[in-house]
Each structure stands twice: as C-alpha cells, then as structure tokens.
Amino acid sequence: MTEHVNTELPAYHEPSSSFAKEIELEPGGSGIMHCIQCGMCTASCMVANMTDRYRPRKLIQKILLGKREEVLTSELPWLCMTCRLCEERCQEDVDPTDIFTAVREIAAREGYIPAVFQNAIDKVLEDGWMLNDSYTDFEEDDRSDLGLDADLGWNTEFVKKIKKRYFKGGIEV
Ligand code: SF4
Ligand code: SF4
C-alpha cells in the first residue's frame with residue numbers, strides 16, 4: 001500500500017500573535033505573515049554585520065511570537081539603516097525595513113523613543129541642525145575657503161513651523 005503524502009502546503013505561515021496582526025495592519029507591515037525565518041535578511045544586513053545584538057530575523061520572530069512590549073521598548077528596531085538590502089534579498093517578499101518602521105511608529109506613539117533619538121530630535125528642534133556641536137571654527141574656515149557663507153544662518157522659522165505642526169498639537173501650518 002502506498003503511503004499518502006500531503007503535498008498541499010499552506011501558502012504562508014499564519015501566526016496567531018495579535019502583535020503580528022497589529023503590525024500587518026500598519027503601513028508597510030503587510031508582508032510579515034510571509035516570513036519563513038530563513039535568515040537571509042540577517043545574512044545581508046550591514047548593521048548585523050557590525051553588532052551581534054542586531055538580528056532582523058530574530059526581531060521579526062519576536063513580533064510573530066507576540067513579544068509586543070519587548071519589541072516596542074527595545075532600541076534594536078531603531079538601528080535599522082533602511083538600506084533595504086534585506087528587502088532586495090528576501091525570497092518571500094517580506095520587507096523588514098518597513099516592518100521596523102511600523103514598529104517605530106507604534107513605539108513612538110506609545111512614548112518609547114530611545115533617548116539617543118529623542119535627543120537628536122530635540123537638537124534639530126532647538127537650532128535646526130543636529131550636528132551643531134560639531135560645527136567648529138575649522139568648518140567656518142573651510143566654508144570661507146570654498147566661497148560659502150561661514151554663517152550657517154539657522155532657519156528658525158522652519159524650526160518653529162515643524163514644532164507647531166508635529167509637536168504642538170499637530171496644527172498644519
Ligand atoms: S529573509 Fe525574509 S523570509 Fe527570511 S527571515 Fe528575513 S524576512 Fe523572513
Ligand atoms: S534595511 Fe535595516 S534590517 Fe534591512 S539590511 Fe538594511 S539595516 Fe538591515
């Protein structure tokens with residue numbers, strides 16, 4: 001008697017995690033259910049190449065498993081450089097870049113922005129330029145040598161508008 005082999009495989013893995021379903025509904029998160037945990041994203045990722053802490057496959061696994069608080073309070077999703085190498089190489093059309101953007105959107109809405117990024121935002125809002133501290137006399141000299149205005153000329157109106165639009169009640173100006 002021939003053994004019956006079921007060749008009908010599901011089209012994709014369907015995890016039960018409510019967090020995965022939440023991410024799926026966010027802009028960019030729609031492909032998450034297709035992840036088969038092959039690890040190609042981690043193998044392609046330059047950030048993963050620099051630090052053992054960052055593993056895109058593992059982050060996606062934690063979402064699929066429903067580790068909502070752990071993922072949202074972690075700094076790891078914020079380390080993605082959005083280079084999209086993982087997206088280029090994923091054979092299942094999953095886009096980790098946009099998935100981690102969706103994670104960051106939710107984290108920001110719930111007040112979990114890592115201090116280092118919050119500081120960067122504060123700095124931009126303060127004087128319009130994140131690298132103000134690194135603007136030195138040398139750079140002024142360089143700008144003069146290149147015939148550029150040595151005065152950076154902060155666009156304070158722009159900063160005011162950004163503050164009003166995004167940080168003071170969301171009124172579009
Ligand atoms: S390469 Fe695609 S399918 Fe493989 S683990 Fe990464 S996201 Fe999932
Ligand atoms: S987009 Fe992010 S997760 Fe993907 S390879 Fe680049 S740094 Fe890594």
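We did not get these values from a lab; they are worked out from the coordinates using the rules stated. Only a predicted model underlies this, so the values are computations on that prediction, with no experimental measurement involved. Please note: Cβ atoms are built from the backbone with ideal geometry, for glycine as well, and neighbour counts cover all protein chains shown.
Counting other beta carbons within 10 Å of each Cβ, put 103, 124 in order, fewest first. Could the numbers behind the result be given before it?
Details: 103 29, 124 16.
Taking fewest neighbouring Cβ atoms as first place, the list is 124, 103.
For the range 18-109, what does the relative contact order come out to in percent, with C-alpha contacts under 8 Å and a separation of six or more?
Numbers: 124 pairs, mean separation 34.4, N = 92.
Worked out over the range 18-109, it gives 37 percent.
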